[in-house]
Amino acid sequence: MTTAALPTREQALALLHEWVENVNLRKHCYAVEAAMRAYAAKLGGDADRWGLAGLIHDFDWERHPDLERHPTKGVEVLRGLGWPEDVCRAVLGHATHTGVPRDTDMARALYACDELTGFLVACALVTPSRSLDEVEVPSVRKKMKRADFARNVSREDIVNGAAELGVDLDAHIAFVLAAMKGIRAELGL
C-alpha cells in the first residue's frame, strides 16, 4: 500500500463538484461510492479508501469525455494532488481500455460496481414509483437481455466485473442494490 495520505471525503467531494456539473453524473459517483464502501466491509478493505475510489472514479468525465483521455488525464490530476497510488490504479483499472490490470480487490470491486450502478438506476427509473425499492434481481436480469434498454451500459462489463470479483452475478446485483438503497434519498430514488 502506498504511503501517500488519503484525502478526506470532503476534499474528494470538493474536487468532484469542481469538475462535475451534471447532477446525474455526481449521483452516479455517489452510488459507486456506496457500493464500494459496502464491498470494503464485506471483503476486509478500508471503507474510506475504497469509498473515495468510487466517489472520484469519473470526476474527469465532463472535461475528458472520450476513451483517449478518460480516466488517464484525471489520474494525472489525482497524482499531482498526491492521491495514493493504489486508488489511482483502481481508477485507471475501472476502464478496460487503459490496460491497467485490476490486481487488487479494490480495483476489481470498482470495475464490478461502475456499470452496474448505472444499470440499476435505469431499472429504478422505469418502475411506477421511480424507486430502487421496486427493483428486483430477476427484473434486472431480464432487462440485461434487452438491447434497447439502457443501451449505453455495458452488460459485458457487468458480467465480467462480477466474475473478476469472484461473486455470483445475482448476488452481486442484490448486494449493490442494497448498498444503493442505503443512500436512496441522496440518489433521489
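The numbers here are math on the coordinates, done by the rules we state, and not lab data. The model shown is predicted, which means the values in this text are computed figures rather than measured ones. Methodologically, a virtual Cβ is constructed for each residue, glycine included, from the backbone with ideal geometry; neighbour enumeration extends over all protein chains shown.
Points worth noting:
- Sum of -39500 (n - 2.57) over DSSP H runs of 4+, divided by residues of the chain (222 nm, nearest 500): -19000 deg cm²/dmol
- A DSSP coil position with no more than 16 other Cβ atoms inside 10 Å describes the following trypsin sites (Lys or Arg not before Pro) in segment 146-189: R146, R151.
- Choice from F119, F59, F175 showing the highest fluctuation, given a GNM over the chain with Cα pairs closer than 10 Å: F175
- Anchor K73: aspartates and glutamates whose Cα lies under 15 Å away (excluding residues fewer than 8 positions away in-chain): D58, D60, E62, E85
- Mean Cβ count within 10 Å, highest first, over the residues of peptides 110-116, 15-21, 5-11: 110-116, 15-21, 5-11
- Shape metrics for segment 9-187, restricted to C-alpha atoms - Rg then Dmax, Å: 15.1, 45
- Cut-off 12 Å between beta-carbons: net charge of the residues surrounding N24, Lys and Arg +1, Asp and Glu -1: -1
- Per-residue Karplus couplings for segment 90-98, computed as 6.51 cos²θ - 1.76 cosθ + 1.60 with θ equal to phi - 60°, are listed in order as 5, 4, 4, x, 5, 9, 4, 5, 6 Hz, Gly and Pro entered as x.
- Partners for K142 among lysines (Cα-Cα distance below 30 Å; same-chain residues under 8 apart left out): K27, K42, K181
- Calculated FRET efficiency for the pair T98/R9, C-beta based, R₀ 22 Å, to 0.05: 0.30
- Loop-resident GluC sites (Glu not before Pro) (DSSP state other than H, G, I, E or B) in segment 57-111 with no more than 13 further Cβ atoms inside 10 Å of their Cβ: E62, E68.
- FRET E, pair S131, L43, Förster distance 30 Å, beta-carbon r, rounded to 0.05: 0.60
- Backbone phi angles across segment 129-137, fed through the Karplus curve with coefficients 6.51, -1.76 and 1.60 (θ = phi - 60°), yield HN-Hα couplings of 9, 6, 9, 5, 4, 8, 7, 10, 3 Hz in residue order; Gly and Pro are listed as x.
- The 3J(HN,Hα) values that the Karplus relation (6.51, -1.76, 1.60; θ = phi - 60°) gives for segment 69-81 are, in residue order, 10, 8, x, 4, 5, x, 5, 4, 5, 4, 4, x, 8 Hz. Gly and Pro appear as x.
- Straight-line cross-link partners of K145 among the lysines, defined as a Cα under 22 Å from its Cα and at least 8 positions apart when in the same chain, are absent.
- To the nearest ten degrees, helix 105-125 and the longest principal axis of the Cα atoms of the chain are 40 degrees apart.
- Among 29-38, 161-170, the order from most to least packed when residues are scored by Cβ within 10 Å on average: 29-38, 161-170
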